[in-house]
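Have a look at the structure below, then the notes.
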Amino acid sequence: MEFEMKRIAVIGAGVAGLTTAWALARRGAEVTVFEQAAELGAASCSRYAGGMLAPWCERESTDELVATLGQEALPFWQEICTDTVANGTLVLAQRRDAAELDRFARRTRAYDVLDSSAIAALEPALADRFHRGLFFPGEGHTDPRRALQALAARLREMGVQIVLRTDGLVHGTEGDLTVDCRGLAARDQLPDLRGVKGEMLLLRCPDVELERPVRLLHPRIPFYVVPRGDGIYMVGATMIESDDRRRITARSMVELLNSAHALHPAFAEAEIIEIGTDARPAFPDNLPRIRRNGRTVFVNGLYRHGFLLSPSLSRMAAAVVLDDAYYPEVMDETEDQRRYA
């Protein structure tokens, strides 16, 4: 397709929508983002994301595609958000779960093996608590809420209009093309999407000082804690096959708090300052998709990898929209579906 149709409507102002708007605007398209919520990120599962930019750690439980595409994330978010930190990920297990650490190591790469003294040098708060760990120095993390606000500010500087309290399904048709980034709400057009519920806690615990995300392995409930600064930590996260976006269960809260306590006993005295739940959009294989149906392109299925995969996926989506590109690793349409109506 020739690049004549420059007016692009992006529906949804979560991480997929805003990064796609960025990729399109950088290539010269005139972009408007439509969001039903009254506040940026208020109705998006991006609000409760961990913000871990950890392609190698995620490789342990997902496809190689996630590790490959995810390597674009850290430099992207470093450019967008000054709060992005590139100081690696620490993966630990208690002695009784040492086999989990070995299994994790076999399924990934780009790590250093640490003994107890090396763990203490990296995170003094965890001194003498764990005898062995894995350190992934090439990873990082960002604060999702600050990152989305920073990205929105950059978009506005580029002339992108972000329209809140607006049904993009109605107004988005005013553009030459539409990019649908509604997440789970897009099941009206993508029936194979499903919800995977995630639950998280924000804790204030000034008695613990951690500099980087720490993952604590367990055969049943893998756990992570991400520092947000000023003694605040995001603790998560469950993965439950459910579309329920409203409540955390007592079981999940107990498990998250028990895991935090296992990492460091001082978390027992932490203040719970926020409880968050939402349902992540996922396809059956938990891998993302770009799909085209007529003049609409869908970017969806980022599962629990929204901040990790959105930079690469948005770059590809912009090429699909503007160049009629085709990426077989994330596109499963027939030839007819890939053509504009």
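Here are some conditions: (1) surrounded by fewer than 21 Cβ atoms within 10 Å (Cβ to Cβ); (2) without any contact (Cβ under 8 Å) to a residue 60 or more places away in the chain. Ile272 meets all but one. Which one does it not meet?
(2)
Test Ala21 against the criterion of being small (Gly, Ala, Ser), touching a strand residue (DSSP E or B) at 6+ places or on another chain (Cβ under 6 Å) and either within 22 Å of Thr296 (Cα to Cα) or modelled with pLDDT under 95 (or both), and give yes or no.
Working: small (Gly, Ala, Ser): yes; touching a strand residue (DSSP E or B) at 6+ places or on another chain (Cβ under 6 Å): yes; either within 22 Å of Thr296 (Cα to Cα) or modelled with pLDDT under 95 (or both): yes.
Yes: the conditions hold for Ala21.
Tell me which of these Phe267 doesn't satisfy, since it passes every other one: (1) of a type in the set (Phe, Trp, Tyr); (2) farther than 21 Å from Pro144 by Cα; (3) not assigned by TED's automatic domain parsing to the domain that holds Val226.
(3)
Mind telling me which of the residues Arg129, Arg146, Arg156 ends up being in a loop (DSSP other than H, G, I, E, B) and either modelled with pLDDT of 95 or more or within 30 Å of His264 (Cβ to Cβ) (or both)?
Going through Arg129, Arg146, Arg156 in turn, the sole match is Arg129.
Would it be correct to say that Val85 is within 20 Å of Arg291 (Cβ to Cβ), modelled with pLDDT of 95 or more, surrounded by 15 or more Cβ atoms within 10 Å (Cβ to Cβ) and of a type in the set (A, V, I, L, M)? Step through it out loud before you land on a result.
Working: within 20 Å of Arg291 (Cβ to Cβ): no; modelled with pLDDT of 95 or more: yes; surrounded by 15 or more Cβ atoms within 10 Å (Cβ to Cβ): yes; of a type in the set (A, V, I, L, M): yes.
Judged against the criteria, Val85 is not a match.
Check Gly294, Gly301 and return the single one that is touching a strand residue (DSSP E or B) at 6+ places or on another chain (Cβ under 8 Å), assigned by TED's automatic domain parsing to the domain that holds Glu60 and at positive phi. So that I can check it myself, show each step before the final result.
Working: Gly294 fails: touching a strand residue (DSSP E or B) at 6+ places or on another chain (Cβ under 8 Å).
It is Gly301.
If the requirement is being over 24 Å from Leu202 (Cα atoms), surrounded by 22 or more Cβ atoms within 10 Å (Cβ to Cβ) and in contact with a strand residue (DSSP E or B) (Cβ under 7 Å, 6 or more places away or on another chain), which of these qualifies: Gly140, Gly133?
Values: Gly140 fails: over 24 Å from Leu202 (Cα atoms).
Of Gly140, Gly133, the one residue that is over 24 Å from Leu202 (Cα atoms), surrounded by 22 or more Cβ atoms within 10 Å (Cβ to Cβ) and in contact with a strand residue (DSSP E or B) (Cβ under 7 Å, 6 or more places away or on another chain) is Gly133.
Would you confirm whether any residue within segment 90-104 is surrounded by 22 or more Cβ atoms within 10 Å (Cβ to Cβ), part of a loop (DSSP other than H, G, I, E, B) and not assigned by TED's automatic domain parsing to the domain that holds Met52?
no
The values are calculated or read from the model by the stated rules, or taken from the named source; none is laboratory data. What you are looking at is a predicted structure, and each value in this text was computed from that prediction instead of being measured. Heads up, the Cβs are rebuilt from the backbone with ideal geometry, glycines too, and the neighbour counts pull from every protein chain shown.
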